[in-house]
Amino acid sequence: MINFFTHNLRISVRGALLLTMILPNLNVYAQQMTEGDTHSPYILAVDEYCPAPGQFVNEIPEYAPGDDAATMVQKCTELIAGKDFERMITLGAWGGYVTFHFDHSIANIPGKRDFLVHGNAFKSKQFNIMGGSSESGIIMVSKDINRNGLPDDPWYEISGSCDTDSADKVVFDYSVTYTRADMQDIPWTDNKGGSGSVLRNKYHKQEYYPLWVTDNSLTFEGIRLPDNAVLMKRIIPNFGEIEEWCLMFFRYGYTDNQPVDLVPQDGDDRDNIDACSIDIAWAVDKNRQSVSLDFIDFVRVYSGLNQTVKLLGETSTEVSGAEDLHLEESLAAIIAAGIDDVNDAYEVTEVARHTADGVRITTPRRGLNIVKMSNGEVRKILIP
């Protein structure tokens, strides 16, 4: 079970169980920075990738026979790390997620938006509305308090505009279970008595269930955003009626929600950046109470809409990259904290080890070992 919104992060894909540390005081020195004089505002590496079933799953990134969780994570890194927002990964239907980190901690600068996660949202060309394609993803943040380079510390949700604009329509304590059904519609049930399917269509012929996952079901937990699909219609003289399913934008606090101009204009100014960027000060705990975080080290995004729209299929969040919106200020804040050995915090070390069939192991085992390093590198080691 993937439980997004608790101090205990449980991941049962492949039967593994991770329990995060519960530390009462978040205001501790845990920020990190890689060695060297040059740092990047963009993603360094992906740490976890577990999409829910969807029409683009096994396509972006593309699954190949023999791939496992570690190699799919590496493929995600190749697609969304760095400054190339033209490539992307899909998170599938509601709950599917990705976790990633930068080469430094991102500082929470008072009065400023701190980071931006890119998607592929766009505005309708047929209707002059605040909508078009908004497959909104919920954002979570974590601070590497135990300084082990792993996303196993407490997670906190970024509270977006739905919490105030339509709080009565947000579904909290929500979970969905998807059941494998090879080359068929993927059935799902939720904990509120709902059920449905991720429907296949004629445009995508591949399997919709993630092929590297051996479990026959996937369960995700989190919150569900309000449905945002509206059928728009209008009459065009001498042509007739046109209609379009539009996914309406939320005001702020999510990714793949509103479009953002990727080309810098007059320095750092970009169209609509305020609607797409995130303030770490918006973080809340499981009781929806504000949390004070001075830095964050990991970002997680999961699909926030459980919605199927005619012709469009399931509403699946896509991620095409992310960036620290104030790199120099983050670095200055880290240095100002005066942490000993801060440049060693991301020394390249082993962070995960799997067998060839994807089973997580903690010690070397005879045969092929897939070893993930803290810099995102994946190494294949054959042990006789």
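The values are calculated or read from the model by the stated rules, or taken from the named source; none is laboratory data. Note that the structure is a prediction, hence the values are computed from the model and not measured. Cβ sites come from the backbone with ideal geometry, for glycine too, and all protein chains shown count toward neighbours. Quick note on the areas: whole protein, heavy atoms, side chains included, nothing else; ligands and nucleic acids left out. Shrake-Rupley method; radii C 1.70, N 1.55, O 1.52, S 1.80 Å.
So the values come out like this:
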quantity	calculated
From I129, I106, I138, residue being within 25 Å of L305 (Cα to Cα) and buried (at least 24 other Cβ atoms within 10 Å of the Cβ)	I138
Matching residues in region 172-218 - criterion: being under 30 Å from C162 (Cα atoms), part of a loop (DSSP other than H, G, I, E, B), of a type in the set (S, T, N, Q) and open to solvent by less than 50 Å² (accessible area, probe 1.4 Å)	none
Candidate set: region 175-231, residues that are modelled with pLDDT under 95 and touching a Leu at 6+ places or on another chain (Cβ under 6 Å); chosen: the one farthest from M140 (Cα to Cα)	A229
Number of positions in region 298-308 that are open to solvent by less than 10 Å² (accessible area, probe 1.4 Å), assigned to a strand (DSSP E or B) and farther than 12 Å from M140 by Cβ	1
Tabulated pairs, region 310-339, first acidic (D, E), second open to solvent by 10 Å² or more (accessible area, probe 1.4 Å) and not in a loop (DSSP other than H, G, I, E, B), C-beta under 9 angstrom, 6+ apart or interchain	E314/T308; E323/Y42; D324/Y42
Residue, farthest from K75 (Cα to Cα), within region 231-251, restricted to residues that are in contact with an Asp or Glu (Cβ under 9 Å, 6 or more places away or on another chain) and touching a residue at least 24 places away in the same chain (Cβ under 8 Å)	R234
Cβ pairs under 6 Å, 6+ apart, first in region 71-94 and under 23 Å from T315 (Cβ atoms) and part of a helix (DSSP H, G or I), second open to solvent by 10 Å² or more (accessible area, probe 1.4 Å) and not aromatic (F, W, Y)	L79/R87
Strands (runs of 3 or more DSSP E) completely within region 117-170 that count 2 or more residues being within 26 Å of C246 (Cα to Cα) and not hydroxyl-bearing (S, T, Y)	131-133, 137-142
Any chance I60 is among the β-branched types (V, I, T), within 30 Å of A281 (Cα to Cα) and not in a strand (DSSP E or B)	no
The one condition in (1) at pLDDT below 85; (2) buried (at least 19 other Cβ atoms within 10 Å of the Cβ); (3) assigned to a loop (DSSP other than H, G, I, E, B) that S316 fails to fulfil	(1)
